[in-house]
Amino acid sequence: MDNNIIANLADVRRRISLACKSSGRNPTEVRLLLATKTVAAEQIRLALQQGEMLIGENKVQELRYKFDELSDIVHEKHFIGHLQSNKIKDVIRYGVTCIESLDNIELAGKVNQYMEKLGKTMDVLIQVNTSGEDSKFGIAPADALELVREVSNLKHLRVRGLMTIGLFSSEMKLVRRCFTLLRSIQQEIRSKAIAGVDMKELSMGMSGDLETAIAEGATIVRVGTAIFGRRIHPDSYYWNENP
Ligand SMILES: *Cc1c(COP(=O)(O)O)cnc(C)c1O
């Protein structure tokens, strides 16, 4: 599958640029995040060598071993998986610059504590469960504003926007509703002008639905399969508590 990475990447870039064109958006507004769970460092390297800059990992174990293997190539790392509080230290140590999957105040408080000790700040996105599927993490849409307010009081975290995983469905109309909802939550939060909160980022859209997400205002699309090929486990495996 690695032979295809370069061609696949070109294809994904083409999809992004077409989607931007048809929704009248500037392609520079949309960043591609390589979703690299289970992908070997050498394959990630190939994509980075094509000029990509941003990767997203779901598991601390993978962050750890790729940290050394990719230490010689410039890139940025986001955390996009379920974060257990005993792993926070590692996420920081292995160079994550943004936790996209923050969905509760307890975790936020603990990350804040670590960052305070280091005298640094961490960017975070609030993950919202827009599909209502209970297999997914994320705060309920109705509670997102309150969580943003609480997190805004933590001096060592900086809220940069929202993240969601769209409904798993081939019916794009239903998937689109998730993205529309995330955008409307973004606008509602923006209208409150909460001090220290910046609602710039909307991280939404994956291999199967990135065009729809871009049409709804995505600023980060997270793409794995369309670039690196299929993974051996279904996504629920990576999104739940499995090691
Ligand atoms: C795996 C993953 C993606 C990418 O999914 P693909 O369908 O492989 O593009 C995006 N976001 C999250 C949170 C993921 O875990």
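With labels modelled as points extended 7 Å from the Cα through the Cβ direction, what inter-label distance (nm, one decimal) is found for SER85 paired with ARG231? Going by the 7 Å Cα→Cβ label model, 2.6 nm. Taking amide hydrogens as placed 1.01 Å from N in the peptide plane, the amide H of CYS98 sits under 5 Å from those of PHE79, each at least 5 positions away in sequence or on another chain.
Rounded to the nearest 5, what % of the DSSP beta bridges within the chain are antiparallel ones? Percent antiparallel among DSSP bridges in the chain is about 0.
Please give the charge dipole size of the chain, origin at the Cα centre, charges +1 on K and R Cβ atoms and -1 on D and E Cβ atoms. Round to the nearest 20 debye.
On the way: 33 positive and 31 negative charges, 85 e Å.
Dipole about the Cα centre, nearest 20: 400 debye.
What is the gain in length, in nm to one decimal, between LYS200 and THR28 on full extension, counting 0.36 nm per residue of separation less the C-alpha to C-alpha distance? Don't skip to the answer; put the middle values down first.
On the way: separation 172, 0.36 × 172 = 61.92 nm, distance 1.37 nm.
Between LYS200 and THR28, full extension yields an extra 60.6 nm.
With θ taken as phi - 60° and the Karplus curve 6.51 cos²θ - 1.76 cosθ + 1.60 applied, the whole-hertz 3J(HN,Hα) list for the range 138-151 is x, 7, 5, x, 5, 9, 5, 4, 4, 5, 4, 4, 5, 5 Hz, x standing for glycine and proline.
Beyond 21 Å between alpha-carbons counts as too far, so tell me which of LYS37/LYS173; LYS77/LYS120; LYS155/LYS192; LYS89/LYS120; LYS66/LYS89 fall in that bin. If you can, show how the numbers build up before the last one.
Working: LYS37/LYS173 28 Å; LYS77/LYS120 16 Å; LYS155/LYS192 19 Å; LYS89/LYS120 13 Å; LYS66/LYS89 16 Å.
Over 21 Å Cα-Cα: LYS37/LYS173.
Grouping the Cα pair distances of the chain into 5 Å bins from zero gives a pair-distance distribution of 1, 6, 15, 18, 20, 18, 13, 7, 2, 0 percent in increasing distance order.
For LEU54, nonlocal amide neighbours, meaning residues 5 or more places apart or on other chains whose placed amide H falls under 5 Å from its own, are LEU34, GLU76.
Run through every distinct alpha carbon pair of the range 152-243 and return the Kirkwood hydrodynamic radius in angstroms, one decimal place. Each step should come with its number before you reach the end.
Values: mean 1/r = 0.0684 Å⁻¹.
Result for the range 152-243, one decimal place: 14.6 Å.
Converting phi to 3J(HN,Hα) with the Karplus coefficients 6.51, -1.76 and 1.60 and the offset θ = phi - 60°, the range 110-117 yields 6, 4, 4, 4, 4, 5, 4, 4 Hz in sequence order, with x at every glycine or proline.
At a Förster radius of 41 Å, what calculated FRET efficiency corresponds to the Cβ-Cβ distance of LYS192 and LEU18, to the nearest 0.05? Walk me through the numbers before you get to the answer.
Values: r = 35 Å, r/R0 = 0.85.
About 0.75, to the nearest 0.05.
Extension gain, GLU42 to LYS155: 0.36 nm times the residue separation minus the Cα-Cα distance gives 36.9 nm. With a cut-off of 20 Å on the backbone N, the residues of the range 162-176 near the modelled label site 7 Å out from GLU146 along Cα-Cβ are 162-163. Backbone amide hydrogens, once placed in the peptide plane, bring MET163 within less than 5 Å of ILE126, GLN127, VAL128, SER203, excluding anything fewer than 5 places away on its chain. Under the criterion of Cα pairs below 8 Å and six or more residues apart, the relative contact order for the chain equals 21 percent.
Each value in this text was obtained by applying a stated rule to the coordinates, not by laboratory testing. Keep in mind that this is a model prediction, so the values were computed, not measured. Cβ atoms come from the backbone with ideal geometry, glycine included; neighbour counts cover every protein chain shown.
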